[in-house]
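The values are calculated or read from the model by the stated rules, or taken from the named source; none is laboratory data. In this text the structure is predicted, and so the values were computed from the model without any measurement. Neighbour counts are summed over all protein chains in view; Cβ atoms, including those assigned to glycine, are modelled from backbone coordinates with ideal geometry.
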Amino acid sequence: MTFDFIDIGLILRFGINITAMTVLIYGMFYLRYRDKELVTAASLFNIFAFGVLSILGSVEFSLAAGFGLFAILALFTLRSEQISKIEITYFFGSISIAVICSIQGTTLPFVGFVVGLVLLGAFIFDHPRILKSVDGIKVTLDKIDPDALSDPAKMRTALSTRLGVQVMSYQIVALNYITDMAQINVFYRK
């Protein structure tokens, strides 16, 4: 029994895709952030995108239409729950690897080189030694601090004291003078 439909190049591209996605999602993201849900979503979405784009690449279908489909699928998937900037970046990185690996017409060494650059960039720019780890949290205060807008340094000190961490910066999302509540995004270092 022969399988004439099997393309060795496609199998090699899928191997590069799976290897690179595993390094990015499991080797970098999961080890740093321990978010099982995003790991599962990004991994499966990578495989799904690779499959869809491989099929679209083998038929008469424009690249622009493929990217449009990719954008629609990404928006549909990501609109269901709000995720952090880091999560969306790794998610997009996983999908980018699938797109890079599945597009026909490029040589395997070139694909490997570009995927290597993607992984190297993710490793370097999200490495804890490059950018010191700063966490973020959304805080709702039941009283608006009078220094919230007028004295950012004093407000940062008050938030640091209240939260027991070193507040690096904060962003006021909403002030409600009727209920005397403030919603703030706080970025801190332990």
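Worth a mention:
- Scan of region 162-185 for residues that are of a type in the set (Gly, Ala, Ser) and loosely packed, with under 12 Cβ neighbours inside 10 Å, ordered by number: GLY164, ALA174
- Only a single item in (1) surrounded by 13 or more Cβ atoms within 10 Å (Cβ to Cβ); (2) touching a strand residue (DSSP E or B) at 6+ places or on another chain (Cβ under 8 Å); (3) of a type in the set (Gly, Ala, Ser) is not met by GLY112, and it is number (2).
- Yes/no for THR89 being at pLDDT 80 or above and out of contact with any Lys or Arg (no Cβ under 8 Å at 6 or more places or on another chain): yes
- Selected residue (criterion: farthest from the chain's Cα centre (by Cα)) from residues of region 94-117 that are of a type in the set (Val, Ile, Thr) and modelled with pLDDT of 85 or more: THR107
- Selection within region 15-59: residues that are of a type in the set (Val, Ile, Thr) and free of Cβ contacts under 8 Å to residues at least 40 places away in the same chain. The member of this set that is surrounded by the fewest Cβ atoms within 10 Å (Cβ to Cβ) is VAL59.
- Of the residues making up region 105-128, those that are touching a residue at least 60 places away in the same chain (Cβ under 8 Å) and either on the phi > 0 side of the Ramachandran plot or assigned to a loop (DSSP other than H, G, I, E, B) (or both) number 2.
- Qualifying residue in region 136-159 (condition: under 19 Å from the mean Cα position of the chain (by Cα), acidic (Asp, Glu) and either loosely packed, with under 13 Cβ neighbours inside 10 Å or not in a loop (DSSP other than H, G, I, E, B) (or both)): no
- Entry remark, region 118-135: residues being modelled with pLDDT of 85 or more and surrounded by 16 or more Cβ atoms within 10 Å (Cβ to Cβ) number 3 in total.
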